[in-house]
1. Once phi is turned into θ = phi - 60°, what whole-Hz ³J(HN,Hα) does the Karplus curve with 6.51, -1.76 and 1.60 give for every residue of region 159-164, x standing for Gly and Pro?
2. What residue among 67, 199, 132 has the largest mean-square fluctuation in a Gaussian network model of the chain, using Cα springs under 10 Å?
3. Hey, in the GNM for the chain with a 10 angstrom Cα cutoff, which one of 158, 134, 142 fluctuates hardest?
4. Could you please rank 212, 120, placing first whichever residue has the fewest other Cβ atoms within 10 Å of its Cβ?
5. Going by C-beta contacts inside 10 Å, put 35, 179, 195, 204 in order with the fewest on the left.
6. Taking the Cβ of residue 62 as the center, what net charge do the other residues with Cβ under 13 Å away carry, scoring Lys and Arg +1 and Asp and Glu -1?
7. For region 77-93 and region 96-116, what is the separation of their Cα centres, given in Å?
8. Amide H to amide H under 5 Å from residue 189: which residues, 5+ apart in sequence or cross-chain, H placed 1.01 Å off N in plane?
Amino acid sequence: MESQTSPTIGQLIVAAFGLAQNSNKKIHQHWIQISHRIGSQLPQSLLANSIQRLGEIDLLCRALEQELLDRPPPEAGLDFRFNYLWVLSEWWVGSAYAVCFTLKGRKILTDHNFLKLADDLRMIRVQIEKHEVPSDKNLGEPLQFSPTQLRPDEKTPPIFRYDKNDRLRAHIPRRGASSRQSAMWEVFDVKADESRWYERLELSDRMLNLFDPQS
């Protein structure tokens with residue numbers, strides 16, 4: 001039988017969020033200020049709550065990113081921290097996109113740099129949550145993708161065909177970790193006909209600066 005003195009899952013989750021907030025009080029306060037400043041522009045809504053929750057996820061990601069820098073995974077043995085950092089990072093992207101979608105749609109923020117951030121989040125979110133190439137309806141012909149790293153039994157890279165008219169089409173983008181141990185995604189931009197990499201931490205810093213440039 002489990003000991004009654006053992007912490008519960010709920011207690012551990014609450015403790016993790018609390019530790020993350022205490023480890024970066026300045027950014028925690030920044031998110032709270034932003035939530036009131038931006039959220040108040042959509043009265044009688046829960047926009048402020050959504051932004052505060054977005055900040056809480058960001059702080060937890062930042063804390064885990066810093067922990068991975070300070071205490072790297074051991075060379076031998078299992079370490080699932082980065083796996084759960086991916087869960088949190090993808091959660092953050094989806095939540096950040098939803099907030100920006102509302103602000104853009106209601107014309108609360110219309111600055112060019114904000115619209116660029118909103119579109120960057122949209123493209124990442126489409127690849128993560130819809131398993132598609134962003135804006136694939138604009139493709140004139142099918143795309144061909146190939147991995148950059150071959151398996152030991154492969155002599156030539158396999159080609160994956162992506163056809164916007166295929167009901168079962170799917171796209172699995174490359175991803176990785178930055179030098180700051182933050183999640184990164186490679187996004188294919190149909191309009192520019194090029195691929196770009198995005199780092200979660202850089203996206204969060206951009207959002208903080210755009211939402212409250214005075215801070």
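Since every read-out is calculated from the coordinates, none of them should be taken as a lab result. These numbers were taken from a predicted model, which means no experiment stands behind them. Quick reminder, even Gly has a Cβ in these numbers, built from the backbone with ideal geometry, and neighbours come from all protein chains shown.
1. With the stated coefficients, region 159-164 comes to 9, 10, 9, 10, 10, 4 Hz.
2. 67
3. Comparing 158, 134, 142 in the GNM, the peak value goes to 158.
4. Ascending number of Cβ neighbours within 10 Å: 212, 120.
5. Taking fewest neighbouring Cβ atoms as first place, the list is 179, 195, 35, 204.
6. -4
7. A separation of 27 Å, based on Cα centres.
8. Close amide H contacts, sequence-distant or interchain: 194, 195, 196.
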